[in-house]
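One structure is given here, and the rest of the page talks about it.
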Amino acid sequence: TKMASGAPVDVLCMACEDSNCDFKPVKMQRRPVGPEDVLIDMKYCGVCHSDLHVAANHMSGIGMATKYPCVPGHELAGVCIAVGEKVTKVKVGDHVGVGCMVDSCLECKECLAGNEQKCKKMVQTYNQEDRSGRAATYPQGGHTLGGYTSKFVVHEKFSIVIPKSYPLECAGPVLCSGVTMYEPMKVHGVTKDSHVGIVGLGGLGGMGIKLAKALGCKVSAITRSFAKEKMAKDLGADNVVASTDDESMLANEKSMDLILNTIPSGHNWSVYQGLLKKRGKQVLLGIHSGFAAAFVATQIRKFSFTDSTVVSSAIGGIKTTEEVLALCAKNNIYPEVDVVPITKLNEVYTMLDAANDSGKRYVLDIEKTLTDEALTSYSAVPPTLGPNPSNLNPAGIFKDLAKILFFY
C-alpha cells in the first residue's frame, strides 16, 4: 500500500444533520489518496469543546454558520496505511496525527514563518471548503469532514508524526489542547522565572498546568472555589486561587506574568485582570464574545502602536505542534483522557455543554467502536443542549470590545 490507488476512500463517520448534535454513524467517502497525501487508519479522536460550538452552530451569529452534515474532530491519531508517491515525511506503519487544520497557502508571510494557523487561506480540519486542492473533498466542492471517522486523507505537510513511545489515545488532544496552551506561552516568552495563571480546569486547563510546569514556571490554578484544589495540585499546580474568594484574590494580586483563560463560554474575564503584574497579559482561549473582541482590539491597536493586556490566541502552526508533542513525549506529559465508545458521543456533548469540570479530555475509541456493525446496531439518545452560551453576536462582541479598548 505504498502507492495510492486513485479510487475514493470509503469511510464511516459520526455525523450530525443539524444543530441538535444527534450523531449517528454514516457511510461517506474521502478523496483518492493523491501524490502528496497520507492515508490514516484512525484509532482515536479527541472531542474538543470547539467541536460542540461548530456542531451546535454557535457561531452563526458572526457569519460562520455550520455546514451539515457535520463531522467534527480535530484531535486525530492513527496509523499510516498508504502514502502517495511524492510523500517524504511519513511512511507506512508510522503513527500519525492531524490537528486543527489541513491546509494553508504555504507561501504567505505567516506560512513561511511557521504560523499556518494565521494564513488567510487556512482550511480547518472540518466544516470548511477546500481552496487549493490539498484539502479536497469527495465529491469535490463539499466541506471538510473531521476526525470522527474510520479513515482520513491528509496532505503530508499537515500530518504530524507521533513518536511510537507516546500513547496514541493521548496524542490527539496534544495536537489541539496541547498546542493551544503552548503557543501563547511561547509567544509571550515564558521562562522558568515566570508565574503563569491558568483559569479553568477542563481539558485545556489541565494540559496548560502540565506544560507550564515542564517549562519550569510557577503555576497557579484559578478556579471559582477551592473545591477543585486537590485536582489542581494533582495536575501539578503550585498554588490555587479561588476567584469568588476576595481574600484569595487579594493575596495573589499583581503577581502573575501571564494568565491563560480557558473558559469556553461568555463570562466576565475582567475579574482576573487584578492578578496580573504591570506588563502582564491575559490570553483568552475559549470561543466566546471576549475572544472575538480581544482579536479585534489587537487589530485596531496595531494602528495606534499601543499594547493590550487582554489578547486572544487560537491554535499554533505545524512546527509548534510538533514541538509541543516532542516536549510531552520527552517529559512524559499525558493529557488526562477518558476513552469512550462512539455510543457515548451524544452523552459527551451533553456533558461538554453543561461545562466539562472533570479535567479530562474525552477521546473516541474509533478503532474498536466505529465499525460496520455499528451501522446497524447503533442507538443513542440525542444530547441535551442548553441555549448558545458563547455570546458570539455583534452586541456581545461590541460590549467586550469597548471594555478592552477603554480599560485594558
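Things to note:
- For segment 370-396, taking the residues that are within 24 Å of the chain's Cα centre (by Cα) and free of Cβ contacts under 8 Å to residues at least 40 places away in the same chain, the one that is surrounded by the most Cβ atoms within 10 Å (Cβ to Cβ) is identified as T384.
- Candidates N268, N261, N239, filtered to the one that is surrounded by 20 or more Cβ atoms within 10 Å (Cβ to Cβ) and either farther than 18 Å from A212 by Cα or modelled with pLDDT of 95 or more (or both): N261
- Matching option when the condition is closer than 20 Å to V98 by Cα and buried (at least 22 other Cβ atoms within 10 Å of the Cβ), among M42, M28: M42
- Per the conditions (1) crowded, with 22+ Cβ neighbours inside 10 Å; (2) part of a helix (DSSP H, G or I), the sole criterion not satisfied by V363 is (2).
- Residue pairs meeting the criteria (Cβ under 9 Å; at least 6 apart or on separate chains; first over 19 Å from G274 (Cβ atoms), in segment 286-311; second open to solvent by 70 Å² or more (accessible area, probe 1.4 Å) and not in a loop (DSSP other than H, G, I, E, B)): S289/A395; S289/F398; S289/K399; A293/F398; A293/K399
- When L201, L211 are checked against the criterion of being buried (at least 24 other Cβ atoms within 10 Å of the Cβ) and in contact with a Lys or Arg (Cβ under 8 Å, 6 or more places away or on another chain), a single residue qualifies: L201.
- For segment 329-360, a tally of residues being assigned to a loop (DSSP other than H, G, I, E, B) and under 18 Å from K27 (Cβ atoms) returns 0.
- Condition met for K399 (open to solvent by 20 Å² or more (accessible area, probe 1.4 Å), part of a helix (DSSP H, G or I), among the basic types (K, R) and farther than 25 Å from K151 by Cβ): yes
- Scanning segment 214-229 turns up no residue that is aromatic (F, W, Y), open to solvent by less than 40 Å² (accessible area, probe 1.4 Å) and either modelled with pLDDT of 95 or more or out of contact with any His (no Cβ under 7 Å at 6 or more places or on another chain) (or both).
- Elements of the type strands (runs of 3 or more DSSP E) sitting completely within segment 184-294 and holding at least 2 residues that are touching a strand residue (DSSP E or B) at 6+ places or on another chain (Cβ under 9 Å) and under 28 Å from K118 (Cα atoms): these cover 195-199, 256-261, 276-284.
- Residue in segment 307-324 that is of a type outside the set (A, V, I, L, M, F, W, C), in contact with a Cys (Cβ under 7 Å, 6 or more places away or on another chain), open to solvent by less than 20 Å² (accessible area, probe 1.4 Å) and closer than 29 Å to S60 by Cβ present: no
- From G172, G200, residue being closer than 25 Å to K43 by Cα and within 16 Å of the chain's Cα centre (by Cα): G172
The values are calculated or read from the model by the stated rules, or taken from the named source; none is laboratory data. Model, not experiment: these values are computed from the prediction. Counting neighbours? That spans all protein chains shown, and the Cβs are built from the backbone with ideal geometry, glycine included. All accessible areas refer to the heavy atoms of the entire protein, side chains included, with ligands and DNA or RNA removed. Shrake-Rupley method; radii C 1.70, N 1.55, O 1.52, S 1.80 Å.
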